[in-house]
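The values are calculated or read from the model by the stated rules, or taken from the named source; none is laboratory data. Everything numeric here is computed off the predicted structure, so don't read it as measured data. Note that we place each Cβ from the backbone using ideal geometry, even for glycine, and neighbour counts take in every protein chain shown.
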Amino acid sequence: MDLAMTGYWLVLPCLVLSIPYLRRGQGAAIHSVTLLFLLISSIIVVVDLELYKHWGFRINQTPLFYLGPESLGSVQPRSLILLIGLLGLLLGLFIFLYRKVVAVQFVDLQPLSLPFTLVMLLVTASLIIPIRSSLTVAPMNSGVVYFHKTKAFPNHAGINATWNFFNSLLAQEHLNYPSDFHKGTDSRAILAQLEESVNPTRPLLTLKRPNIILIALESFTSNIIEPLGGKAGVTPNLNRLVHEGILFDNLYASGDRTDKALVSILSGFPAQPISSIIKYPEKTQRLPFLPLVLHELGYHTSFVYGGDIGFANMESYLIEGGFSHITKDHDFDDSFMNSKWGVADQYVFERLLQECDTARAPFFKVALTLSSHEPFDVPMKTVFQGADENSMFLNASHYTDKCLGELFRQASLRPWWSETLIILIADHGHPYPNIDEGMDRGRFKIPMVWLGGALTRRDTVIHTIAGQPDIVNTLLSQVDKPHPEFLFSKDILDKRVKPFAVYLFQNGFGYIDATGEAIYNFDSNQYFLNTVSDEGRKNASAYIQALFDAYNSL
């Protein structure tokens, strides 16, 4: 792979050397091209170094989608200084080596003859060999460097970051998922069986049309929730609240980014590897939307967020989704903008309460938190001491939990409380505090808690294995009925539901059911882990194929 990237970088200098009878300007042209390539490569390598510890995959086109002031604000100032220093060091070292070893060869260039030009053109053409790294029909791909059977990190270490970035740019232009991943019985039929709801759901509400507040908690991994086996002391309020409502303790995020979570939660459409469907409004506008269905049932819908709602195409998706009102960062007083990412959670929750007080019933409100997002700057005295990112993440999560405690204290005093269902769910997991690999199931396990005065049950735990897309039909079963247009959503509360969950990461997916788990990598085309039954493996591949087909057809 290193040779392949070298081959790409050599094409232009070799063509310059092939220009006959050129003396003046040839050395300058090669110097300029080389310096440009050194700068590009150094930037990619340094950015990859920072992103990998957060995302768990080598740099590709994904950062370009999130490029903006918000993404830069996610980096700690200390880390930013170190990265800029490292960039300067790398670039300076490479330029020094280039000047000492290579540039001196172009001091006394002689006019080039026609035979030399022909030889250089032949050399240029031969670069196709290292670029393809193969004489067969299969060109270079990231899977050729994979060698470890169970761990992602050593395989990722073999990937050339610069090659991977440019290869992903080219692949993104014509992204179309394979139509032959699942071989055998029709994948759509298997999906329908997996998601089928045939039994009356367990009623959990005191009324048919309660107010609904759904709060998506940024990065609230189960690893910080004590009732889910997480670290003690991080979320004392949530630990207490689970006993006041219904805890779903076997729920998994569909993906690893907030934009993927929104589509999974509100459209029942799973995350995808490589890309995110929210990038393509022409596709998302054809999705089904929970807010639109609830609107038809008489609900008034709105969305509350303290950050830039235009980030990652969120605004276009939410507008298409039928939210009649969207509250964003500019709707808050400037004094509340005390975080690099946006308005701190306590002020967002205050705004949420205010809007609920004036909303017509029944209402459906969605709030998205942000304080537990990097760079973890929160308006609270430090509880978990330490300047490392792990400690700062725990501290920021503790702050959001504190805000949740106050939100529920105040909400329980409101007149609309007795007719309201509140759903707490994480948007995705987080590498901290357990330093899980990007494909580990622990990275995707998240809490979901149903609370509020409209619930008929308290201190209840639902153990059914489920995923984020299942929220849609589970909720609709309580207020109306499951809707078949949400193909990937099952009613978790159906007494005979098939318990399973699927999560997707950058280059693969995980599948979990009652028999075990499987983790598949698309780069190496193999399972890193496979303890599920044969039927489970068939269900997993059929689910992924149905997802690919649905994505391609939108």
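Brief remarks follow.
- When restricted to residues that are in a loop (DSSP other than H, G, I, E, B) and either touching a Lys or Arg at 6+ places or on another chain (Cβ under 7 Å) or surrounded by 24 or more Cβ atoms within 10 Å (Cβ to Cβ) (or both), the range 360-369 contains 2.
- Among residues of the range 530-541, those that are out of contact with any Ser or Thr (no Cβ under 6 Å at 6 or more places or on another chain) and crowded, with 17+ Cβ neighbours inside 10 Å, counted: 5
- Residue check for Tyr280: under 21 Å from the mean Cα position of the chain (by Cα), of a type in the set (Ser, Thr, Tyr) and surrounded by fewer than 18 Cβ atoms within 10 Å (Cβ to Cβ): yes
- Annotation note: of Ala216, Ala192, the sole residue that is hydrophobic (A, V, I, L, M, F, W, C) and over 21 Å from the mean Cα position of the chain (by Cα) is Ala192.
- Filter result for Leu191 (touching a strand residue (DSSP E or B) at 6+ places or on another chain (Cβ under 6 Å), at negative phi and crowded, with 18+ Cβ neighbours inside 10 Å): no
- Condition met for Tyr527 (in contact with a helix residue (DSSP H, G or I) (Cβ under 9 Å, 6 or more places away or on another chain), among the aromatic types (Phe, Trp, Tyr), assigned to a helix (DSSP H, G or I) and surrounded by fewer than 22 Cβ atoms within 10 Å (Cβ to Cβ)): no
- When the range 186-235 is filtered for residues that are over 30 Å from Leu297 (Cα atoms) and assigned to a loop (DSSP other than H, G, I, E, B), the ones remaining, listed by number, are Asp186, Ser219, Phe220, Thr221, Ile225, Gly229, Gly230, Lys231, Ala232, Gly233, Val234, Thr235.
Every residue, every condition in (1) within 25 Å of Tyr432 (Cα to Cα); (2) free of Cβ contacts under 8 Å to residues at least 12 places away in the same chain, yes or no:
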{"site": "Phe323", "(1), (2)": "no, no"}
{"site": "Ser339", "(1), (2)": "yes, no"}
{"site": "Glu350", "(1), (2)": "no, yes"}
{"site": "Gln354", "(1), (2)": "no, yes"}
{"site": "Phe363", "(1), (2)": "no, no"}
{"site": "Thr369", "(1), (2)": "yes, no"}
{"site": "Pro375", "(1), (2)": "yes, no"}
{"site": "Lys381", "(1), (2)": "yes, yes"}
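- Pair list, Cβ under 7 Å, 6 or more apart: the range 281-296 residue among the aromatic types (Phe, Trp, Tyr), other residue part of a helix (DSSP H, G or I): Phe289/Leu266; Phe289/Ser267
- Hey, Leu83 outside the structural domain of Asp256 (by TED's automatic domain parsing) and modelled with pLDDT of 85 or more or not: yes
- Among the residues of the range 487-503, the ones that are closer than 21 Å to Arg209 by Cα and either without any contact (Cβ under 8 Å) to a residue 60 or more places away in the chain or assigned to a loop (DSSP other than H, G, I, E, B) (or both) come to 5 in all.
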